Each structure stands twice: as C-alpha cells, then as structure tokens.
1. Grab the strands (runs of 3 or more DSSP E) fully contained in the stretch 329-421, keeping just those with 3 or more residues being of a type outside the set (A, V, I, L, M).
2. Does at least one position in the stretch 357-365 carry a residue that is within 30 Å of G277 (Cβ to Cβ), among the charged types (D, E, K, R) and surrounded by fewer than 23 Cβ atoms within 10 Å (Cβ to Cβ)?
3. Provide a single number: the residues in the stretch 192-220 that are out of contact with any helix residue (DSSP H, G or I) (no Cβ under 9 Å at 6 or more places or on another chain) and of a type in the set (S, T, N, Q).
4. Could you please give the count of residues in the stretch 124-146 that are more than 9 Å from Q164 (Cβ to Cβ) and out of contact with any Phe, Trp or Tyr (no Cβ under 9 Å at 6 or more places or on another chain)?
5. Could you list all residues from the stretch 348-386 that are under 27 Å from R409 (Cα atoms) and not aliphatic (A, V, I, L, M)?
6. Given R304, R316, R322, which one is modelled with pLDDT of 95 or more and out of contact with any strand residue (DSSP E or B) (no Cβ under 8 Å at 6 or more places or on another chain)?
7. Identify all residues within the stretch 148-177 that are surrounded by fewer than 19 Cβ atoms within 10 Å (Cβ to Cβ) and in a loop (DSSP other than H, G, I, E, B); write none if there are none.
8. Looking at the structure I just gave you, is L457 in contact with a Leu (Cβ under 7 Å, 6 or more places away or on another chain), modelled with pLDDT of 95 or more and either over 30 Å from Q141 (Cα atoms) or assigned by TED's automatic domain parsing to the domain that holds G115 (or both)?
Amino acid sequence: MMKNLNRRDFLKVAGFGAASLTIPGCLSDSQKFAGSVNSGRPPNFIIIFCDDLGYGDIGCFGSTKHRTPNLNQMAEEGMCFTSFYVTSGVCTPSRSSLMTGCYPRRVNMHANDTGLCVLFPVNKKGLNPNEITIADLLKKQHYATACIGKWHLGDQPQFLPTRQGFDFYYGIPYSNDMGGRPNTNRPPLPLLRNEKVIEAPANQDTLTKRYTEEAIKFIAANKDKPFFIYLPHTMPHNPVHASEKFRGKSANGRYGDTVEEIDFSTGQILATLKNFGIDDRTLVVFTSDNGASNRFGGGNGPLRGHKGSTWEGGMREPCIVRWPGKIPAGKTCDQPASTMDLLPTFARLAGTKPPSDRVIDGRDIWPLMAGKKGAKSPHEAFYYYQMDQLQAVRSGRWKLHLQLAVKKRNWGKPIPNSPLQLYNLDADIGEKNNVADKNPDVVERLLALAEKARDDLGDVNRKGKHQRPAGWVENPKPLLLASM
C-alpha cells in the first residue's frame, strides 16, 4: 500500500494519468461537456454502499493488493470523487445521512439508546419514520424502490426499510458481527425478505452473491420504469466472508477475497444494465460507509486514520459515479462533496425537490457530476463529528482539528489534550504538517464556522437549534425466525 504521497502523486500512482487530473475543479477549459439532463423519463439510480471499505482498497484509488477490474472500468467510464465524505467513521450515523441528506446530529442518529456510537440489536431507537428518505422522495415520483443489504437504522418493524420508502427489502438489519450471544436478547443474525425473517443465522458466505442476484432480479422486473436500488453490502465488515468462487483467491487474505467479490458483483450489475439497454438511463454511485479498520486487512491509502476517527481515513471515501452520456468519462473531481448530497441531487434529476419543511444539509452536486466548467463545491464547510462531539471542520483546502480538553474516540472512549491542528489538504492529504501557527487568519475563520455548527447542530452538552428527534420504541423485541 502506498505511503507518504501527496494528493497529486497519489492520483498519478492510482492510475488517473495527467490528462484526467483537474485540480481544484472538475474539467479543464478544453474538456467540453454539456452536462444537460434529457427531458422525458427520469434516470434510474443505484447506490452501491460498502461496509468498512477503505479509501485505498480499490485499484482506481491506489490499491496494489486487490484486483478490481470492474471498478477500474467503472472509473474509466465515469468520474472519481477524491474528496468525498461520509458524516461519521461508523455505520449507523453514516447511513442515516445517506438516507436523509442530513448530519447525524440533525436527525439524532449520532448515538444509540444507551449512548454508544451505533445501533445494536433490539435497541429502542431507530431512524424516525417521519424523516423523508431518498426512497420516500423517489417513490412519490413513481419509482420502484429496493433496499438490498445491511440496513442498520433500526431493527424494529417501524424502522425497517419497508417503512422508510422502500417497496422491497432483502438483507440483514444490522452489522454481521451482531449475531446471537449468550446471556443477551440478541437473536441469531437474521436475514429478512421484506419484514419476515427467512434465515437465522444468515449464511454469510453467500450474502454478497445473493444480494447481487436480488439486485439483478429487481432490475429485470423494473427495467421498463424508473427504479432506485440501494445496495448496502455487508462486506468487507469483519467477520469477512466470501463465496466459494472467491474464497482464498486474493493476495490479501479473506479481506481481499470479499473486496474482489464486491468488484465482481458491481460488474454483474453494470453488465445487466447494458444487457437490458438501460445503461445510459442509469446513474450508479459506488462508495463506502466509512474508512477501513486499522485491523483485518483494509487500507486507507495515503490518508491518516481509520474507521471510527475524524481523520481523513475515517470519513473520506472512495467514490465513483457513472452515467454514460451524462457524466464525463475518465475524469476526477476533488471538490468536497458527501453522501448527504445524493438526496438533493437525485431529487433534481428525478424532477422533484428536497423537503422544504425541514433543514436538509446536503446540496445538489449535479454540476460537479456533470463536469460543468468551473463548478465548485456547494458547501462553505464540512463538519466532522464523533458522536455528539464536533472535532474538526473543513472549508476549501483547509481542515482544522479543534482544540479539545477531552476528545472522544470510537465508542466514546476519551483521550486528553487534543491540540489545535490545521492542515492544507491539497498539499498534505496525510495530515502530517500542522500549519496553524503560520495561518492565524484561516484558523480564525474556521473557528467561526465551527461555532456556527455548534449553534445549529450542537456539541457535547450543548443542544443545537435545529435538531430533530429519532424514532423510539419502549418495548423492542428481537427479530426471530420462529415468530415471523
């Protein structure tokens, strides 16, 4: 895995050649692309969302360990976003932002019912059904909607995907390491079809394969009308599993096996779109819910940090977007964007608008995706929260880690004395050289942006002005095969 590379060198080594480097914008003057969206039938949408896949885990983002020919081809046919963020270094809060277009603290999904950083089986808490998800918006536009994979936004019936805008659900309701344990109320890891448990414990070896098959079936059944597929893979979250065809075949052990199977799965889905003649009517997004762990074999490339942290390695993810004829091929965009932006972007492309009765933090990034000349990030700032604690803020090329007397880590464990640190991410993607002393004006500006976030979203022991409640069930029950 590559180390100690700045961003430009990293992109060159990762295979983005000089011709496709467009920094800081998305296209040079000579790269012409209209970026217009055809009138008539709106596009299909597919989001492929990996679990714990690192920034440097696929070939087009620098991996030399994993064979990812289908994702590399997807990058050649689409655009790589190299400053693409999730809103948390762990599963539940990250997924809440993708679904709602909001920071986790906005929708009160930054912690579970006991103050831990993710939901667990039989928790009282879940994504509030009153929130409007991407699926809710698209369903109103007559889309067929499916969630196939790991949900992790509540396992009680009122929190399941079928109550959050999805016509169809097939998958596990939380992480694959949360199966039954002695002296707990956790059930064997359940696999659901819609709201019925059909297998417990789920056979994890074949999950990626079965998710892919279900996605292909859904495409086939809905090829003549607009559809939205949300495919949140269970892998490569630990414990990693792969089907027999891929087991023991990679150069990076079981972790690599799962990554290479996800690559194959992506290739199968893209081939299906081509076979049905709907390739040019489908926008596909590939990314991950957070960075790779510092164990188990994953890699975050040249980034500092890992899953569970607010360093770049915890929250900056590989992202590829592809829509033949609409998104320019073989290009990169380094403008900051995030999963929160998918809801307003998809809303625009589907001919509707984001909800106007509540705050939505995401912004329409279609100009970036379409390669519009001079397009810039629509965000003045991006905020890095660890659970309820604001830890850093990025604006343009600058990232400021706030001075904290006690800094929360993964699961809320504290470390003392986190100093003020400023990094120029354009020149120092690895966050190695603190330049706060040399740029007091930048520090002052970013501190003011941090205070705006505290006022709006809150901070430790401080409630934000525009937070909304999560869903809540007083007497949750485990999902069991026999009772369904």
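The values are calculated or read from the model by the stated rules, or taken from the named source; none is laboratory data. Note that the structure is a prediction, hence the values are computed from the model and not measured. Here the Cβ is made from the backbone with ideal geometry for all residues, glycine too, and neighbour counts use every protein chain on show.
1. Result: 331-333, 382-386, 389-395, 398-401, 414-418.
2. yes
3. 2
4. Within the stretch 124-146, residues that are more than 9 Å from Q164 (Cβ to Cβ) and out of contact with any Phe, Trp or Tyr (no Cβ under 9 Å at 6 or more places or on another chain) number 5.
5. Matches in the stretch 348-386: D361, G362, H379, E380, F382, Y383, Y384, Y385, Q386.
6. On inspection, the qualifying residue turns out to be R304.
7. Of everything in the stretch 148-177, those that are surrounded by fewer than 19 Cβ atoms within 10 Å (Cβ to Cβ) and in a loop (DSSP other than H, G, I, E, B) turn out to be D167, D177.
8. So L457 fails the test.
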